[in-house]
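Visitor: Dropping the structure in here first, questions after.
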Amino acid sequence: MRVKTSLLAALTAVSLCLPIPAQAEENAGQDKILNGIWKLKMFASDAKISVQKADKQASVTIYSAAYEKASGGLVKIDAVLIAKTVFDNDHELVRVKVCFGGLKPGLNLSQVSVSKGDIKAFGSNQLSKADLLDSLEIVSLRQTSAPPKAAASAGVRAGLTQEDLETLSPTGIARGKWISYREAKTGLTLSYPSHWQLIEKPDKDSLFQIKSPNCALAFSYTHSPGMPVRQAVRLWENFVFPHLNEFKLINAKRVRLGQKGSLEGVSRLIRFKVDDTNLRQRWIFFGQTGNVFNAVLTVPENASRVDIPDMYRILLSITFTGGTASAQGQEEAHRKAEPRPEANLTLYQSAELTINHPRDWVVKVHPEPGVLVGFHGKTEAGDAALQIRKGPIDRTTPLDDVVTMVENNYLKQLKNYRRYRQEHVALGGGASGVLQEIGFEASGIPFRQISAYRREGDSLYTMSLTGSGWKPSDMLTLFNRCLGTWSVRE
């Protein structure tokens with residue numbers, strides 16, 4: 001990329017007027033991010049964490065024994081939580097690359113790249129947890145030096161605390177006749193008072209709910225390969241609880257439940273408001289890695305608590321007698337393990353550009369005016385086309401204005417046009433650009449398109465992936481893999 005002498009001189013002149021050295025300001029920003037990551041309380045005393053910033057991108061590297069045999073699901077979830085913390089502490093950043101390494105020599109690093117758009121889409125429920133994790137790619141990097149020794153104060157900075165362990169102890173004796181219930185999908189079995197109401201599938205997110213006159217106990221289940229219970233708790237703490245109206249965390253504990261205290265879970269007692277009603281909820285997360293259950297006890301703030309002891313008895317009666325979810329999870333994991341046709345990439349390069357593309361796709365050079373190269377392929381999900389366009393641009397016009405002009409003059413003319421997101425992204429070689437994701441309809445068929453715009457000198461380059469019938473997460477995965485290899489030579 002060419003750098004104009006006048007621009008470099010202007011930047012130098014501005015830096016001389018700064019009230020504090022730019023390097024000191026940058027270090028302060030990195031320290032703020034680092035402290036925010038430690039406050040997540042995710043890391044043991046062996047952890048060593050470093051943060052670096054360049055342009056609108058941050059790189060976080062974490063060395064810990066916990067990552068020497070960590071599953072892909074765990075690494076992705078930790079990357080999402082860390083990235084959110086980074087974005088919360090520096091609003092100018094648009095992408096975070098998180099590298100995880102072990103403390104033993106000779107181990108490779110696992111890198112996950114997360115964009116601000118991914119976090120926003122997940123936090124606003126535009127992107128499900130499963131789709132978010134599917135869209136993230138783990139890249140193995142060679143570790144070029146020995147892992148650093150953990151700082152002596154790491155455990156103190158991490159703020160790790162051993163939460164109190166509570167065993168549910170209901171008072172009094174059980175009232176009325178109790179009956180047994182077994183949820184067929186998961187095999188979760190329990191007992192509850194026969195005069196209370198049990199509702200199966202009360203909403204799309206719940207397995208079942210048990211209601212008494214004063215409170216309700218709802219159970220839900222998440223199958224997420226590689227996700228430990230603690231990680232599920234952190235996702236709720238970072239992405240769900242903060243959006244509740246007037247939210248307050250009352251206490252955080254470990255808790256024993258199930259027959260004879262056979263299950264250990266994580267408890268969060270919270271308070272918030274719905275309309276004009278103050279509610280208390282006790283969330284109990286339990287299960288095992290990849291299969292996490294939530295038991296949510298809801299009580300209006302001023303309601304009688306006379307039924308709570310029996311609610312605790314229900315939780316103490318839990319056991320598992322088999323179910324279909326485990327077998328379904330194994331089948332799903334097997335399907336995901338099968339390589340997708342578009343996962344195998346190969347290199348294309350010309351005098352102007354370099355990019356990786358799906359190996360089996362058809363390559364056409366200059367298929368139409370303004371298109372440098374196009375790649376087209378068929379998969380089980382549907383058709384797709386990847387194109388690189390080039391056109392003239394006024395270098396005085398901001399890139400955001402150029403993208404808006406393209407949208408107003410061309411994209412909005414498409415049938416049922418809808419823009420899902422638009423954001424700044426960091427590109428290879430220190431370049432920056434604008435990413436845009438849209439939907440439209442052609443000949444009665446819905447399409448989705450992801451595009452990245454970048455300026456090089458007097459030219460506007462656009463990389464677009466268009467497809468029909470694909471899961472958005474699959475398209476985003478392929479797009480990000482190609483985008484990370486796209487370079488332009490002006």
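Visitor: Taking a quarter of the surface of the Cα convex hull of the range 221-273, what do you get in nm²?
Guide: Computed as one quarter of the Cα hull surface, the answer is 4.6 nm².
Visitor: Could you list T396, T466, T346 so that the one with the fewest beta carbons within 10 Å of its beta carbon is first and the one with the most is last?
Guide: In order of increasing Cβ crowding within 10 Å: T396, T346, T466.
Visitor: Below 15 angstrom from the Cβ of M311, what's the summed charge of the other residues (Lys, Arg +1; Asp, Glu -1)?
Guide: Every neighbour counted, the sum reads +3.
Visitor: Okay, moving on. Could you please report the charge total around M42, scoring K, R as +1 and D, E as -1 over all other residues with beta-carbon less than 10 angstrom from its beta-carbon?
Guide: With Lys, Arg at +1 and Asp, Glu at -1, the net is +3.
Visitor: Let me ask something additional. Mind giving me the FRET efficiency for Q288 and N409? R0 is 51 Å, r the Cβ-Cβ distance, nearest 0.05 is fine.
Guide: Approximately 0.40, to the nearest 0.05.
Visitor: Still on this model: Can you tell me the FRET efficiency between S140 and D275 if r is taken as the Cβ-Cβ distance and R0 is 41 Å, rounded to the nearest 0.05?
Guide: 0.25
Visitor: Would you please give the residues with an amide H less than 5 Å from that of L345, counting only those at least 5 places away or on a separate chain, with H modeled from the backbone geometry?
Guide: It is R359, by chain and number.
Visitor: Another question about this same structure. If you wrap a convex hull around the Cα atoms of the range 341-488, how much volume per residue is inside, in Å³?
Guide: Dividing the Cα hull volume of the range 341-488 by its residue count gives 113 Å³.
Visitor: Each residue of the range 304-311 in turn: what ³J(HN,Hα) in whole Hz from Karplus with 6.51, -1.76, 1.60 and θ = phi - 60°, glycine and Pro shown as x?
Guide: Values per residue, Gly and Pro as x: 5, 9, 5, 8, 4, x, 6, 4 Hz.
Visitor: I would also like to ask the following. Within the set K53/K97; K48/K129; K84/K129; K177/K211; K32/K56, which residue pairs have Cα atoms separated by over 18 Å?
Guide: Pairs exceeding 18 Å: K48/K129.
Visitor: Let's test the formula: R0 of 22 Å, r as the Cβ-Cβ distance of I179 and N214. What FRET efficiency results, to the nearest 0.05?
Guide: Plugging the Cβ-Cβ distance into 1/(1 + (r/R0)^6) gives 0.65.
Visitor: Any idea what diffusion coefficient the range 165-331 gets from Stokes-Einstein, in µm²/s, Kirkwood Rh on alpha carbon pairs, 37 °C, 0.692 mPa s?
Guide: 199 µm²/s
Visitor: How much length is gained on full extension from K41 to E368, taking 0.36 nm per residue of separation minus their Cα-Cα distance?
Guide: 112.3 nm
Visitor: Between T321 and D205, how many nm apart are label points set 7 Å from Cα along the C-beta direction?
Guide: 3.0 nm
Visitor: Roughly how many nanometres apart are two label points built 7 Å out from the Cα toward the Cβ at K56 and R395?
Guide: Label-label distance for K56 and R395, simple model: 2.1 nm.
Visitor: So what's the net charge close to M463: Lys and Arg +1, Asp and Glu -1, counting the other residues with Cβ under 9 Å from its Cβ?
Guide: Residues close to M463 contribute a combined charge of +2.
Visitor: In whole percent, what relative contact order does the range 165-331 give with Cα contacts below 8 Å and a gap of six or more residues?
Guide: Computed over the range 165-331, the figure is 30 percent.
Visitor: Under the rule of at least 5 residues apart or a separate chain, name every residue whose amide H is placed under 5 Å from the amide H of L168.
Guide: Placed amide hydrogens put R256 under 5 Å from L168.
Read the figures in this text as sums done on the coordinates, not as results from a lab. Fair warning: this is a prediction, and the values are worked out from it, not measured in the lab. Heads up, the Cβs are rebuilt from the backbone with ideal geometry, glycines too, and the neighbour counts pull from every protein chain shown.
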